[in-house]
Amino acid sequence: LLPQPEGLELTAACNAACGCQLEHYNPVCGSDGVLYFSPCHAGCPATAETSPGGRKVYRNCSCVSQNFSSGFGHATAGKCTSACQTKPLLLVFVFVVIFFTFLSSIPALTATLRCVSDQQRSFALGIQWIVVRTLGGIPGPIAFGWVIDKACLLWQNQCGHQGSCFVYQNAAMSRYMLIAGLVYKVLGFLFFAIACFQYKPPSGSSDGSEDSLPSQSSASNNAMDLQLQSNI
């Protein structure tokens, strides 16, 4: 009896005479595996039993179909538990994504330091983190929040205004989050590839290391100067 994203229709023939209200969200899980908005929308009586686990159980719910008998089914307070058969595979992929995400941070920092001169390294790091926080920290939560809201099945109604989400469609949320994550990863890879091909070493050095590291002659001259000063 949960609504689809395009409409809200919780009234059925089995609960039409109950006078159920949408303001009272109290989800129950029917014995048929369906999540209902409230015991009233499941056609359950007002009285409930207490199970050994401490949860309320409503008997003789007219909207809950019973498969093994002709009578009405029962409903248990709370949402239905969803068993994910591919959860170990999901955890493995999440670990791989997190591993490669943090693995690229040090090479990116090293590349930034190698692309600028010694006098501009601190300034380059500051500009880099400004860009990261501006393009990642601000629009990132907005974009992913919009994606999460797209997977909402039932919104809270607070005096005619949309409130928080009561129920999410798990399949849609996983699909939207996967697409959003892949899009951002592909964009990041493209920007890294463009930066790699557009990089030009500083003039006078083949790899830019000569500009950033002191030469042996200058180091020996500094040692000789220190020795002369100590003799004087």
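Structure data summary
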item: Sole exception among (1) within 18 Å of the chain's Cα centre (by Cα); (2) within 20 Å of Ser105 (Cβ to Cβ) for Val147, by number; result: (2)
item: Residue under evaluation Val132, criteria (1) under 25 Å from the mean Cα position of the chain (by Cα); (2) modelled with pLDDT of 80 or more; (3) hydrophobic (A, V, I, L, M, F, W, C); (4) farther than 24 Å from Tyr199 by Cβ, criterion not met; result: (4)
item: Some residue of the stretch 96-116 being in contact with an Asp or Glu (Cβ under 9 Å, 6 or more places away or on another chain) and either among the acidic types (Asp, Glu) or at negative phi (or both); result: yes
item: Number of positions in the stretch 93-111 that are over 20 Å from Tyr184 (Cβ atoms) and surrounded by 11 or more Cβ atoms within 10 Å (Cβ to Cβ); result: 0
item: Filtered residue count, the stretch 127-145, keeping only those that are surrounded by fewer than 11 Cβ atoms within 10 Å (Cβ to Cβ) and small (Gly, Ala, Ser); result: 2
item: Selection status of Ala46, closer than 25 Å to Cys159 by Cα, small (Gly, Ala, Ser), at pLDDT below 85 and surrounded by fewer than 16 Cβ atoms within 10 Å (Cβ to Cβ); result: no
item: Flag for Cys14 being surrounded by fewer than 22 Cβ atoms within 10 Å (Cβ to Cβ), of a type outside the set (A, V, I, L, M) and modelled with pLDDT of 75 or more; result: yes
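Yes/no per residue for (1) within 30 Å of Tyr199 (Cα to Cα); (2) modelled with pLDDT under 85; (3) touching a Pro at 6+ places or on another chain (Cβ under 6 Å); (4) assigned by TED's automatic domain parsing to the domain that holds Asn26:
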{"position": "Phe72", "(1), (2), (3), (4)": "no, yes, no, yes"}
{"position": "Val116", "(1), (2), (3), (4)": "yes, yes, no, no"}
{"position": "Ser122", "(1), (2), (3), (4)": "yes, no, no, no"}
{"position": "Gly126", "(1), (2), (3), (4)": "yes, no, no, no"}
{"position": "Trp146", "(1), (2), (3), (4)": "no, no, no, no"}
{"position": "Ala151", "(1), (2), (3), (4)": "no, no, no, no"}
{"position": "Gln156", "(1), (2), (3), (4)": "no, yes, no, no"}
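The values are calculated or read from the model by the stated rules, or taken from the named source; none is laboratory data. Just so it is clear, the structure is predicted and the values come from calculations on it, not from any experiment. Because the Cβ atoms are built from the backbone with ideal geometry, glycine has one as well, and the counts that use them run over all protein chains shown.
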